[in-house]
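Here is the structure we will look at.
The values are calculated or read from the model by the stated rules, or taken from the named source; none is laboratory data. In this text the structure is predicted, and so the values were computed from the model without any measurement. Heads up, the Cβs are rebuilt from the backbone with ideal geometry, glycines too, and the neighbour counts pull from every protein chain shown. Remember, those area values only see protein heavy atoms, side chains included, never the ligands or the DNA or RNA. Shrake-Rupley method; radii C 1.70, N 1.55, O 1.52, S 1.80 Å.
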Amino acid sequence: MRYHLEKSLQELKDEIGRLGGMVEESLDKTFLALQTMDEALARDVIIHDDAIDHAESNIEKKCLSLFALQQPLARDLRMIGSTLKMITDLERIADHAADISELILRLAPKPQAIHPDIFRMAEKARNMVGRSIDAFINQDMETARAVCRDDDAVDQLFNELVMHIATQIKSGDRSVEQLIDIMFIVKYLERIGDHATNICEWVVYNETGMHQHLQHPREKLEETQQD
């Protein structure tokens, strides 16, 4: 029985790796489309979002089957439960890539200059996602904690870019509608970093049995107050 469970858990990790690869490819295409305003590439991201949803659903079914048909121990239960949470974050990252691609299609006909810090923010968020997936598969707590610390830089860029865009809106020098679309892109990038952080929190949970919020002290305080 234990052999079959371990085999199933390894297959689960393999499927997580494939899903992670699909999400990373979606992000890469999205960010390239943003740099080049490539409408065809943006459409490709949107079209292939269904395949990512399907892969996530298959992993979810496998997790539920392991709960029902195997006899997982406490550590195994944490792995299966955290996988269910982690794949939700991956699916949401892919959704945000598709959301950004939709905005690219709106911006492409009359392209506006994109602040270079947006590309810096995209690169940092993309890096966080790749490392968070590796950390989850390899159960690497050191990498997981480092990824969570990197979210500070993404949040800092988010705050600076929002202020910059707000100033541009007030000046009236550029199309308000397009500036709002660009602000949404910045927001989606910030959320991608948050989801990468969430994944890393589940890495720590797998190893320690405790779910810790590895975000800003202010965010921790707000979460505590909400609880």
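Residue-by-condition table, conditions (1) in a helix (DSSP H, G or I); (2) within 25 Å of residue 156 (Cα to Cα); (3) open to solvent by 80 Å² or more (accessible area, probe 1.4 Å):
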| site | (1), (2), (3) |
| --- | --- |
| 52 | yes, no, no |
| 55 | yes, no, no |
| 76 | yes, no, no |
| 81 | yes, no, no |
| 85 | yes, no, yes |
| 90 | yes, yes, no |
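Residues being in a helix (DSSP H, G or I) and open to solvent by less than 50 Å² (accessible area, probe 1.4 Å): count how many of those fall in the stretch 127-139.
Restricting attention to the stretch 127-139, the residues satisfying the condition of being in a helix (DSSP H, G or I) are 127-138.
Restricting the remaining residues to those that are open to solvent by less than 50 Å² (accessible area, probe 1.4 Å) gives 128-130, 132-133, 135-137.
Of the residues in the stretch 127-139, 8 are in a helix (DSSP H, G or I) and open to solvent by less than 50 Å² (accessible area, probe 1.4 Å).
I'd like the full set of residues that are assigned to a helix (DSSP H, G or I) and open to solvent by less than 30 Å² (accessible area, probe 1.4 Å), limited to the stretch 92-116.
Quick first cut of the stretch 92-116, residues assigned to a helix (DSSP H, G or I) only: 92-107, 116.
93, 94, 95, 96, 97, 98, 100, 101, 103, 104, 107 - these are the residues of the stretch 92-116 that are assigned to a helix (DSSP H, G or I) and open to solvent by less than 30 Å² (accessible area, probe 1.4 Å).
Could you tell me how many of the residues in the stretch 5-48 are out of contact with any Leu (no Cβ under 8 Å at 6 or more places or on another chain) and small (Gly, Ala, Ser)?
Within the stretch 5-48, residues that are out of contact with any Leu (no Cβ under 8 Å at 6 or more places or on another chain) and small (Gly, Ala, Ser) number 4.
Run residue 71 past the list (1) within 23 Å of residue 21 (Cα to Cα); (2) in contact with a helix residue (DSSP H, G or I) (Cβ under 8 Å, 6 or more places away or on another chain) and report the number of the one that doesn't hold.
Every listed condition holds for residue 71 apart from (1).
Open to solvent by less than 10 Å² (accessible area, probe 1.4 Å) and out of contact with any Gly (no Cβ under 9 Å at 6 or more places or on another chain): does that describe residue 47?
Values: open to solvent by less than 10 Å² (accessible area, probe 1.4 Å): no; out of contact with any Gly (no Cβ under 9 Å at 6 or more places or on another chain): yes.
No.
Is it true that residue 65 is buried (at least 17 other Cβ atoms within 10 Å of the Cβ) and among the hydroxyl-bearing types (Ser, Thr, Tyr)? Give the derivation first.
Numbers: buried (at least 17 other Cβ atoms within 10 Å of the Cβ): no; among the hydroxyl-bearing types (Ser, Thr, Tyr): yes.
No: the conditions fail for residue 65.
In the set 177, 123, 190, 142, which member is within 13 Å of the chain's Cα centre (by Cα) and exposed (fewer than 14 other Cβ atoms within 10 Å of the Cβ)? Lay out the reasoning, then the answer.
Details: 177 fails: within 13 Å of the chain's Cα centre (by Cα); 190 fails: exposed (fewer than 14 other Cβ atoms within 10 Å of the Cβ); 142 fails: within 13 Å of the chain's Cα centre (by Cα).
Testing whether each residue is within 13 Å of the chain's Cα centre (by Cα) and exposed (fewer than 14 other Cβ atoms within 10 Å of the Cβ) leaves just 123.
Filter the stretch 146-163 for residues that are more than 16 Å from the chain's Cα centre (by Cα) and crowded, with 17+ Cβ neighbours inside 10 Å; which is farthest from residue 82 (Cα to Cα)?
Residue satisfying both the conditions and the ranking: 161.
Pairs under 8 Å by beta carbon, first residue in contact (Cβ under 8 Å) with a residue 40 or more places away in the chain in the stretch 53-76, partner open to solvent by 50 Å² or more (accessible area, probe 1.4 Å), six or more apart or different chains?
So the pair list comes out as 55/18; 55/22; 62/11; 70/1; 70/4; 71/1.
Can you tell me which residue is most open to solvent (accessible area, probe 1.4 Å) among those in the stretch 164-174 that are of a type in the set (Val, Ile, Thr) and touching a helix residue (DSSP H, G or I) at 6+ places or on another chain (Cβ under 9 Å)?
Kept after step one, since they are of a type in the set (Val, Ile, Thr), are these residues of the stretch 164-174: 165, 167, 169.
Within this subset, residues satisfying the condition of being touching a helix residue (DSSP H, G or I) at 6+ places or on another chain (Cβ under 9 Å) are 165, 169.
Working: 165: 4, 169: 51 Å².
Looking at the filtered set, the residue picked out is 169.
Which residues, taken from the stretch 14-32, are open to solvent by 60 Å² or more (accessible area, probe 1.4 Å) and touching a residue at least 60 places away in the same chain (Cβ under 8 Å)? Write out each step before concluding.
At the first step, the residues of the stretch 14-32 found to be open to solvent by 60 Å² or more (accessible area, probe 1.4 Å) are 14, 18, 22, 25, 28, 32.
Matches in the stretch 14-32: 22, 28.
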